1. Filter region 44-74 for residues that are among the basic types (Lys, Arg) and in a strand (DSSP E or B) and give the result.
2. Only one of (1) modelled with pLDDT of 90 or more; (2) of a type in the set (Ser, Thr, Tyr); (3) in a loop (DSSP other than H, G, I, E, B) is not met by Ser9, so which one is it?
3. Taking the residues in region 2-40 that are among the basic types (Lys, Arg) and touching a strand residue (DSSP E or B) at 6+ places or on another chain (Cβ under 9 Å) as candidates, determine which candidate is surrounded by the fewest Cβ atoms within 10 Å (Cβ to Cβ).
4. With Ile59, Ile23, Ile17, Ile55 as the choices, which residue is more than 11 Å from Leu95 (Cα to Cα) and within 11 Å of the chain's Cα centre (by Cα)?
5. Report yes if Ala85 is surrounded by 14 or more Cβ atoms within 10 Å (Cβ to Cβ), at pLDDT below 85 and either small (Gly, Ala, Ser) or touching a strand residue (DSSP E or B) at 6+ places or on another chain (Cβ under 6 Å) (or both), otherwise no.
Amino acid sequence: MKLRDIAHSRTGDKGDISNISVIAFDEKDYPLIEAYVTPARVREHFSEVVHGEVIRHTIPSIGALNFVMRNALGGGVTRSLALDAHGKCLASALLDLEIPDRIA
């Protein structure tokens, strides 16, 4: 299934850093999201865009993960030639990630 089936997301940016939060619609799905939406998978998913470290922060009290992706915005909003210099579409792109429907 797609991550978007069980979660929504928000983005932010600061310089050349993109920040994406993934929030479970239902708290029962948080363990599944935590198990399969790892920094390595996010880095691989964005391999053509993210050229730096991906750090994950877990926020179980609200069923959310927060990913900080460095060197992700082509130098930053004022330097990037990208159509989406703020990286807002990255949230939607992350929700296209395929995940299993249960923990193996």
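1. Across region 44-74, the qualifying residue is only Arg56.
2. (3)
3. Lys2
4. After ruling out the rest, the residue left standing is Ile55.
5. yes
The values are calculated or read from the model by the stated rules, or taken from the named source; none is laboratory data. The structure presented is a predicted model; accordingly, all values stated were derived computationally and were not measured. Here the Cβ is made from the backbone with ideal geometry for all residues, glycine too, and neighbour counts use every protein chain on show.
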